[in-house]
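Asker: Below is the structure I would like to discuss, written out as structure tokens.
The values are calculated or read from the model by the stated rules, or taken from the named source; none is laboratory data. Quantities reported herein were computed from a predicted structural model and do not represent experimental measurements. Every residue, glycine as well, gets a Cβ built from its backbone with ideal geometry; the counts of neighbours run over all protein chains shown.
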Amino acid sequence: MEQKEAIVEAWVIWVRKKLPITVKFASKYSLWVRFPPGSHPQDGAEFARLGVRLDGQESELGPCRLLPEPNIEGFAGRLVLTRDFHDLESLFFRRKAVQLQPLARIIPPLLEQPAKIRQAFKNYAADLAYSLSIYRSNFDALDAEHQAEPQQVRRIVEQRILESDGRAFMRFLDAKLEDLKALVSKLPEKEAQEHAFYFRKLLWNVILCSPVMARTNLKPRGYAGDYEMMRMIYANAYEGESTFSKLLHKHPVEQPGAEAVRSRRGYIAGWVREYLRRAGKSAPRRKVHVLSVACGPAFELRNILDSARTSRRLHFTLFDQDQYALLEAAKVVDQLERSLGAKISVEYLRESVRAMLFTKQLQERWGQYQLIYSMGLFDYLSPQIAAAVLAKLYQLLLPGGQMVIGNFHPSNTSRIFMDFWLDWVLIYRTEREFRDLAKDLPGAKISVTSDSTGIQLFLHVTKGRSGGR
């Protein structure tokens, strides 16, 4: 699937006049630029201000400079901000204006953080940091001992270490996690956040050893649960450059919260196939249209599409704001088409939830669906936004259509681990809170279920045959 970034309207102040231009995302700090005919400034030209228009809103970004580049798709060069740095990737892909602050403003308040941390917690974190350094140096020594061995020998030795000393290390981590829970479970929310921040900074070099923990903490796509995170959790494998890093990766992806993420794939697949079984009696040849909201890499298609016959009965719309997530989803579709020997009916919809909320006549633009599901989006939405999104999605359901929405329950036993180690903070909901999101949906039949872990809740919504809107 090919993804092309939109060329957007913009302007610069040049020779004291507002010059209209068009720009396209180039990098986190720069934009490709086209000037109107007869108005090409010289390379190196300085502009007093740059502004861009996205989704009908204008953002002024500050002074910039034109850098020469080879002519690519007719662009005159690259505009680079020179004073107030903005994260252009965040602005263009997530429609979120983020100004990058100088370190002189960022560091001093952070240096004051330790004064807010309880001494018992400082002692715990320091002792843990020491213990982890001991484990790390010894695992690194073991790695060095077999580094010169042939690859096949090295692989066998490494596997033995992972299964013996490695499992002992993970039991140690489990015990330390229980100690952490005892220390912080009763902290007020704000204080818990301060302690979690302190914890991660003290253990930062350890955290970065783990591919999964580095990903959730650095958030290269702007949020923790991105498509690569989903791949890691679904794979549930040893990943990393050393034995120590592989163990620090495997421990998080074995947590109950990660197991709940894996289990929802099967849950959704079972729900879709049950709908097909029932629908087949009345309309066996009619395609069922399915909308996946915040689809990510759409790995659940591997569970849903178990045969060429099943693929012929479904049409998928995969909706996500992240272009890279959609590209990964397209790879999954390509692989499935090859393995099934059948064409999969699918379209890709790159759009933001915010844009969906403000789009009028959404049915006319997006169509309607028999099935709609979203596995992880609502874990990040406040009650007000979640209810608004649910109402919009309900409009897209055909009469008699069904919707399943996932959300983590507050009983998640991995919650403290996710908050402190992963910097992966979710919005949890009880059964009652989940039901309340749907209370104003006209003609809706509502129920809440959970998966086998009890951590993952599912809100089931069936639209009345009257087609209430």
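Asker: Taking LEU393 and the conditions (1) buried (at least 20 other Cβ atoms within 10 Å of the Cβ); (2) not in a helix (DSSP H, G or I); (3) not acidic (Asp, Glu), which numbered condition does it fall short on, given that it satisfies the others?
Answerer: Unmet condition: (2).
Asker: Still on this structure: Pick out the one residue from LYS201, LYS181, LYS176, LYS122 that is outside the structural domain of LEU88 (by TED's automatic domain parsing), out of contact with any Asp or Glu (no Cβ under 7 Å at 6 or more places or on another chain), among the charged types (D, E, K, R) and within 30 Å of LEU88 (Cβ to Cβ). Spell out the reasoning first.
Answerer: Numbers: LYS181 fails: within 30 Å of LEU88 (Cβ to Cβ); LYS176 fails: within 30 Å of LEU88 (Cβ to Cβ); LYS122 fails: within 30 Å of LEU88 (Cβ to Cβ).
The conditions single out LYS201.
Asker: Within region 204-228, can you find the residues that are part of a loop (DSSP other than H, G, I, E, B), of a type outside the set (Lys, Arg) and at pLDDT below 95?
Answerer: Pass one, region 204-228, residues part of a loop (DSSP other than H, G, I, E, B): 208-210, 219-226.
From the residues that got through so far, the ones that are of a type outside the set (Lys, Arg) too are 208-210, 220, 222-226.
Once the filter is applied, which keeps residues that are part of a loop (DSSP other than H, G, I, E, B), of a type outside the set (Lys, Arg) and at pLDDT below 95, region 204-228 yields PRO220, GLY222, TYR223, ALA224, GLY225, ASP226.
Asker: Further question on the same structure: In region 396-443, how many are in contact with an Asp or Glu (Cβ under 7 Å, 6 or more places away or on another chain) and crowded, with 22+ Cβ neighbours inside 10 Å? If you could, list the steps in order and put the result at the bottom.
Answerer: The initial filter retains those residues of region 396-443 that are in contact with an Asp or Glu (Cβ under 7 Å, 6 or more places away or on another chain), namely 407-408, 425-427.
Going one step further and asking which of them are crowded, with 22+ Cβ neighbours inside 10 Å, we end up with 407-408.
Number of matching residues: 2.
Asker: Of all the residues that make up region 229-271, how many are assigned to a helix (DSSP H, G or I), touching a residue at least 24 places away in the same chain (Cβ under 8 Å) and closer than 20 Å to GLY406 by Cα?
Answerer: Of all residues in region 229-271, those assigned to a helix (DSSP H, G or I) come to 229-235, 243-253, 256-271.
Next cut, touching a residue at least 24 places away in the same chain (Cβ under 8 Å) only: 230-231, 233-234, 243-253, 256-269, 271.
Filter once more, keeping what is closer than 20 Å to GLY406 by Cα: 230-231, 233-234, 253, 256-269, 271.
So the count comes out to 20.
Asker: Anything in region 111-128 that is exposed (fewer than 15 other Cβ atoms within 10 Å of the Cβ), of a type in the set (A, V, I, L, M) and under 19 Å from LEU180 (Cα atoms)? List them, or say none.
Answerer: ALA120, ALA126
Asker: Mind checking whether some residue in region 309-317 is within 23 Å of VAL389 (Cα to Cα), of a type outside the set (Ser, Thr, Tyr) and either touching a strand residue (DSSP E or B) at 6+ places or on another chain (Cβ under 6 Å) or not in a loop (DSSP other than H, G, I, E, B) (or both)? Even if it seems obvious, please write down each step before you answer.
Answerer: Here is the first cut: in region 309-317, the residues within 23 Å of VAL389 (Cα to Cα) are 315-317.
After this cut, where a residue has to be of a type outside the set (Ser, Thr, Tyr) as well, the list is 315-316.
Subset that is either touching a strand residue (DSSP E or B) at 6+ places or on another chain (Cβ under 6 Å) or not in a loop (DSSP other than H, G, I, E, B) (or both): 315-316.
Yes - at least one qualifying residue is present in region 309-317.
Asker: Somewhere in region 11-20, is a residue among the β-branched types (Val, Ile, Thr), at pLDDT 85 or above and exposed (fewer than 14 other Cβ atoms within 10 Å of the Cβ)?
Answerer: Let us first name the residues in region 11-20 that are among the β-branched types (Val, Ile, Thr), namely 12-13, 15.
Next, from what is left, pick out any that are at pLDDT 85 or above: 12-13.
Add one more test, that the residue is exposed (fewer than 14 other Cβ atoms within 10 Å of the Cβ), and what stays is none.
Taking every residue of region 11-20 in turn, none turns out to be among the β-branched types (Val, Ile, Thr), at pLDDT 85 or above and exposed (fewer than 14 other Cβ atoms within 10 Å of the Cβ).
Asker: For a quick check of your reading of the model, give me the residue pairs whose first member lies in region 356-375 and is under 24 Å from GLU300 (Cβ atoms) and assigned by TED's automatic domain parsing to the domain that holds ARG313, whose second is buried (at least 19 other Cβ atoms within 10 Å of the Cβ) and at pLDDT below 90, with beta-carbon atoms closer than 6 Å and at least 6 apart or on different chains.
Answerer: none
Asker: Would you pick out the residues in region 439-454 that are within 13 Å of GLY406 (Cα to Cα) and modelled with pLDDT of 95 or more?
Answerer: If the condition is that a residue be within 13 Å of GLY406 (Cα to Cα) and modelled with pLDDT of 95 or more, then SER447, VAL448, THR449 are the ones that fit.
Asker: Determine whether region 33-40 contains at least one residue that is out of contact with any Asp or Glu (no Cβ under 7 Å at 6 or more places or on another chain), in a strand (DSSP E or B), assigned by TED's automatic domain parsing to the domain that holds TRP14 and farther than 18 Å from ARG16 by Cβ. Show your work before the answer.
Answerer: The first filter runs over region 33-40 and keeps only residues out of contact with any Asp or Glu (no Cβ under 7 Å at 6 or more places or on another chain), leaving 33-40.
Still in the list and also in a strand (DSSP E or B): 33-34.
This time we only want the ones that are assigned by TED's automatic domain parsing to the domain that holds TRP14, so: 33-34.
Restricting the remaining residues to those that are farther than 18 Å from ARG16 by Cβ gives 33-34.
Yes, because at least one residue in region 33-40 is out of contact with any Asp or Glu (no Cβ under 7 Å at 6 or more places or on another chain), in a strand (DSSP E or B), assigned by TED's automatic domain parsing to the domain that holds TRP14 and farther than 18 Å from ARG16 by Cβ.
Asker: Only one of GLN363, GLN402 is at pLDDT 95 or above, within 30 Å of THR310 (Cα to Cα) and over 19 Å from the mean Cα position of the chain (by Cα). Can you tell me which?
Answerer: Values: GLN363 fails: at pLDDT 95 or above.
When all the criteria are applied, what remains is GLN402.
Asker: One residue is enough: does region 309-321 have a residue meeting the conditions among the small types (Gly, Ala, Ser), more than 30 Å from GLY222 (Cα to Cα) and either in contact with a helix residue (DSSP H, G or I) (Cβ under 9 Å, 6 or more places away or on another chain) or in contact (Cβ under 8 Å) with a residue 24 or more places away in the chain (or both)? It would help to see each step written out before you state the result.
Answerer: Taking region 309-321 first, the residues among the small types (Gly, Ala, Ser) are 311.
Filter again for more than 30 Å from GLY222 (Cα to Cα), leaving 311.
Still in the running and either in contact with a helix residue (DSSP H, G or I) (Cβ under 9 Å, 6 or more places away or on another chain) or in contact (Cβ under 8 Å) with a residue 24 or more places away in the chain (or both): 311.
Within region 309-321, one or more residues are among the small types (Gly, Ala, Ser), more than 30 Å from GLY222 (Cα to Cα) and either in contact with a helix residue (DSSP H, G or I) (Cβ under 9 Å, 6 or more places away or on another chain) or in contact (Cβ under 8 Å) with a residue 24 or more places away in the chain (or both).
Asker: Here is a list of conditions, (1) outside any helix (DSSP H, G or I); (2) buried (at least 20 other Cβ atoms within 10 Å of the Cβ); (3) charged (D, E, K, R), and LYS360 meets all of them except one; can you say which number that is?
Answerer: Looking at each condition in turn, LYS360 falls short on (2).
Asker: So in region 288-308, with the set limited to residues that are part of a strand (DSSP E or B) and under 26 Å from the mean Cα position of the chain (by Cα), which one is surrounded by the fewest Cβ atoms within 10 Å (Cβ to Cβ)? Let's see the steps before the verdict.
Answerer: Here is the first cut: in region 288-308, the residues part of a strand (DSSP E or B) are 288-293.
From what's left, under 26 Å from the mean Cα position of the chain (by Cα): 289-293.
Details: HIS289: 19, VAL290: 22, LEU291: 25, SER292: 25, VAL293: 24.
Result: HIS289.
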